[in-house]
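Below is one structure. I have some questions about it.
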Amino acid sequence: MEPSGTIVFASVGVTGFGFDVFSVAVPASPDDDAVSASKLDERRHTDGVSVNFNGQFADDAGDAVAFVSERTGAASLFLSRPGAAERPEPLPAAEGSLFHDRPTVRGGRVYFVSAHERQDRPFRSWAAVYAADLGGGEVTRVTPRGVVDMSPAVSASGALVAVASYGDRPWAFDFRVLETEVAVFRAAEPARRVVVARRGGWPAWHGDRALLFHRVADDGWWSVFRVDLSPGTLEPCGAERRVTPPGLHCFTPAAVGSGGGRWIAVATRRKGRAQRHVELFDLETEQFSPLTELLNPDIHHYNPFFSPSGGRLGYHRFRGSGAPGDSSVPHLQPVRSPVASLRMLRVHGTFPAFSPDASHLAINGDFFQTPGAMVLRSDGSKRWTLTKQPNLFYTAWSPTEPGVLFTSVGPIFETTKATVRIARLEFDPTKLTGDRDDDDAEEVGATLKLLTRPEAGNDAFPSVSPCGRWLVFRSGRTGHKNLYIVDTARGEEDGGEVRRLTDGEWIDTMPNWSPDGELIAFSSNRHDPANPAVFSIYLVRPDGSGLRRVHVAGPEGSPEADKERINHVCFSPDSRWLLFTANFGGVMAEPVAGPNQFQPYGDLYVCRLDGSGLRRLTCNAYENGTPAWGPDLGLESLSLGPASGDKDALGKFDEPLWLTSEPLSQ
């Protein structure tokens, strides 16, 4: 039997991106001090619906732009024509794919990245380059089988293709600086490829015989490099050359594909400036000229691209408050599911948890600024704040006491000795009234009772037994993070019993009590205690007996089994399946090209209790996690009418936290 029900989960940042694709006129003399915002003539090419990004001008359609959009519940491809931005046309794409990226239209064909064909082994990205005729027809795989390609660039003539390739190597778990190489091939002979740079990504054609690409230089600065190609063999002519100077980060280069020219475009991060901006760089004078900083100095701008003539330069950015289009972040967003019997929803928040009757969800905020605990109607129509205290995380409902939640209070992802406590939140559920959100989130009073002692250390991740009497949680009270069980009403502060469930010098964490009460699932590195980066699923009975590991990536003793990083495990409503986030699928796109993702390899999977029946549920460039699994809510479960959401959250996201205005450490 297929898994069924409704899965609600969080993705880092994406709900707040609010991206649209824009372009500006390239000044005749970009280094002229008289260049002004009005002369740049900024135009919006997309309609403000959902998240729109990674555009490219189509080669034969004037100002038409091919782009990626999340409007269908997954990354899909569209074409926006001049004067018809509100009516984007779907581009040919891979049927059933949950991920598309970097569309380029050349000579009546569209090239793009898709991830609809699974690898035969775990820990390999599914990203590959495909092509299709604009008039329809078969989608053709361009990337050789078993090879991982991303960030394709097609020459102006359409004859040559360059990619950032991971080759056929297993993923080495790199993601901040992805160790790709740059490969080139003729579009008519995709199997005969030439590696022109052993380290590099995001290739861009500068004419038909030169390639630009980015990588981290030996001095720690992201920089643009150039390699010239032999017309006959496509082999490099001479050594690659560094183009941009040290002292600032330069990445995601763009150039005019036909004829080259002296100007290229790059995204930059500079000292003294928190924003990513697009600048022009003069290859002759080696001087930068600002562009987007003149228009929107306080907004990040991403991934520049030139029109075929070089007259306009595109990019994507937050569309801005008050701009036409979506003006708030919906509380719940439908996400395309690869399993027909599973419905998937992305929540604006973290750690969602279904109420016993599935009519509501409890959610946490961002741990720092937004309210720590909220309740959301499960159709997404209305949200209430229980407490504005920000440092609450991982919330669970009492299955037997109306209006009772359990949560963790304190900093997340801290050491065993940090003070984090399990707390009981009580509120009056009869106050969850009203039809839709008002302008301000409605606050429902709640009382908070701490259940664990402050000197006990790091107590977190509560999960309640089906009878409602017991609560399992993770604690660092012995100097190691193991699992304990405590009375839900009294806790240990009132003299209640605390019973140790697991014991060892390793990490046992994120427990989840099965709905039938028979098992507790949790993540642990007990099979490799010295390695804090590997976690697998374990099951144990509530009395501590029957402990066993669930092997998912490979059988016991296999190299794959010991590379698992599995967290956020929970049971299906019928207790027959496990839902979790894992690193099995690698990285889908170059992380430096987008906003912050703590773990861009995090995707959702399900399997049976014995590890069989593995199914991948998400496939994108975001970190997906903190899932909850509830019953089937039906197609009518989402509220009709205008979406209720957070009007203050759009445009709130971070640049990669590992990328500052200083050089990267080597």
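Got at least one residue in the range 98-110 being open to solvent by less than 10 Å² (accessible area, probe 1.4 Å), β-branched (Val, Ile, Thr), touching a Pro at 6+ places or on another chain (Cβ under 8 Å) and at pLDDT 95 or above?
Within the range 98-110 (the criterion being open to solvent by less than 10 Å² (accessible area, probe 1.4 Å), β-branched (Val, Ile, Thr), touching a Pro at 6+ places or on another chain (Cβ under 8 Å) and at pLDDT 95 or above), the answer is yes, since at least one residue qualifies.
Return the pair list, or none, for Cβ contacts closer than 7 Å from residues in the range 554-568 that are open to solvent by 70 Å² or more (accessible area, probe 1.4 Å) to residues that are among the small types (Gly, Ala, Ser) and not in a strand (DSSP E or B), at least 6 apart or on different chains.
As it stands, the answer is 555/561; 563/553, since those pairs meet every condition given.
Still on this structure, I have one more. Suppose we keep only residues that are at pLDDT 95 or above and assigned to a strand (DSSP E or B) within the range 230-248. Which one would you say is surrounded by the most Cβ atoms within 10 Å (Cβ to Cβ)?
242
Within the range 61-85, how many residues turn out to be more than 22 Å from the chain's Cα centre (by Cα), in contact (Cβ under 8 Å) with a residue 60 or more places away in the chain and open to solvent by 10 Å² or more (accessible area, probe 1.4 Å)? Steps first, please.
Of the residues in the range 61-85, the ones more than 22 Å from the chain's Cα centre (by Cα) are 61-65, 79-85.
Retained after the next criterion (residues that are in contact (Cβ under 8 Å) with a residue 60 or more places away in the chain): 63, 65.
Cutting the leftovers down to open to solvent by 10 Å² or more (accessible area, probe 1.4 Å) gives us 63.
Result for the range 61-85: 1.
Could you please find all residues in the range 261-280 being more than 29 Å from the chain's Cα centre (by Cα) and surrounded by fewer than 18 Cβ atoms within 10 Å (Cβ to Cβ)?
Residues satisfying the conditions are 261, 262.
Give me the residue from the range 281-297 that is more than 29 Å from the chain's Cα centre (by Cα) and open to solvent by less than 20 Å² (accessible area, probe 1.4 Å) and, out of that set, nearest to residue 215 (Cα to Cα).
281
On to the next question. Yes or no: residue 471 modelled with pLDDT of 95 or more, open to solvent by less than 20 Å² (accessible area, probe 1.4 Å), among the hydrophobic types (A, V, I, L, M, F, W, C) and farther than 19 Å from residue 374 by Cβ?
yes
Taking the range 298-322 as the search range and keeping residues that are in a loop (DSSP other than H, G, I, E, B) and free of Cβ contacts under 8 Å to residues at least 60 places away in the same chain, which one is least open to solvent (accessible area, probe 1.4 Å)?
Here is the first cut: in the range 298-322, the residues in a loop (DSSP other than H, G, I, E, B) are 298-300, 307-311, 319-322.
Subsequent filtering for residues that are free of Cβ contacts under 8 Å to residues at least 60 places away in the same chain retains 298, 309, 322.
Working: 298: 124, 309: 102, 322: 82 Å².
Only one residue fits best here, namely 322.
Condition check ((1) in contact with a strand residue (DSSP E or B) (Cβ under 6 Å, 6 or more places away or on another chain); (2) outside the structural domain of residue 337 (by the TED database); (3) of a type in the set (A, V, I, L, M); (4) surrounded by fewer than 19 Cβ atoms within 10 Å (Cβ to Cβ)) across all residues:
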position	(1), (2), (3), (4)
1	no, yes, yes, yes
6	yes, yes, no, no
10	yes, yes, yes, no
23	yes, yes, no, no
26	yes, yes, yes, no
30	yes, yes, no, no
36	no, yes, no, yes
39	no, yes, no, yes
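Wholly within the range 1-120, which strands (runs of 3 or more DSSP E) include no fewer than the required count, namely at least 1 residues that are β-branched (Val, Ile, Thr)?
5-11, 19-25, 65-69, 100-106, 109-114
So, in the range 135-190, how many residues would count as being small (Gly, Ala, Ser) and either crowded, with 17+ Cβ neighbours inside 10 Å or part of a strand (DSSP E or B) (or both)?
Our first condition is that a residue be small (Gly, Ala, Ser); within the range 135-190, this holds for 135-137, 146, 151, 153, 155-159, 162, 164-165, 167, 172, 183, 187-188.
From what's left, either crowded, with 17+ Cβ neighbours inside 10 Å or part of a strand (DSSP E or B) (or both): 151, 153, 155-156, 158, 162, 164-165, 167, 183, 187.
Total satisfying the criteria: 11.
The values are calculated or read from the model by the stated rules, or taken from the named source; none is laboratory data. Keep in mind the model is a prediction, meaning the values are calculated, not measured. All Cβ positions, even for glycine, are placed from backbone atoms using ideal geometry, and neighbour counts span all protein chains on display. Calculation scope for accessible area: heavy atoms of the full protein, side chains included, ligands and nucleic acids excluded. Shrake-Rupley method; radii C 1.70, N 1.55, O 1.52, S 1.80 Å.
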